[in-house]
1. Tell me the net charge near LYS2. Cut-off is 12 Å between Cβ atoms, LYS2 excluded, with +1 for each Lys or Arg and -1 for each Asp or Glu.
2. Mind running the shape call on region 1-53? Use the C-alpha gyration tensor, a ≥ b ≥ c as the square roots of the eigenvalues: rounded below 1.5 for a/c, prolate if a/b tops b/c, oblate otherwise.
3. Which of the lysines could a cross-linker bridge to LYS40, judged by Cα under 23 Å and excluding same-chain residues fewer than eight apart?
4. What residues have an amide H closer than 5 Å to that of VAL18, excluding those fewer than 5 places away on the same chain, when H is modeled at 1.01 Å from N in the peptide plane?
5. Aspartates and glutamates within cross-link reach of LYS2: Cα-Cα under 13 Å, excluding same-chain residues under 8 positions apart?
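Read the figures in this text as sums done on the coordinates, not as results from a lab. All values derive from a computational prediction rather than experimental measurement. Note that we place each Cβ from the backbone using ideal geometry, even for glycine, and neighbour counts take in every protein chain shown.
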Amino acid sequence: MKVRLGYPDRIVEVDDKVVRVFKGRLVSAPLSEVVGYYLKGEGLLPPAVREVVPDIVRALLSTGELHSGVLTITEYGHGISS
């Protein structure tokens, strides 16, 4: 799976369960940590990654890349399916 999101000030890529964000410098985080941060609101993520967590989860849900039972709860429990 490879998903890319473009912003005026950064590039976001999800590849092989790793999220990479380039915003002046390259930072990365495991996808599992990003989803955990989205669900619980806690964890250690670089600020550049933290800023785009909702967009990453929304994009992966819309492409069908996240489809486990826990992520179904994410989709409906947090209202990002609208």
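1. After counting each charged neighbour, the total is -1.
2. oblate
3. LYS17
4. LEU31
5. GLU13, ASP15, ASP16, GLU65
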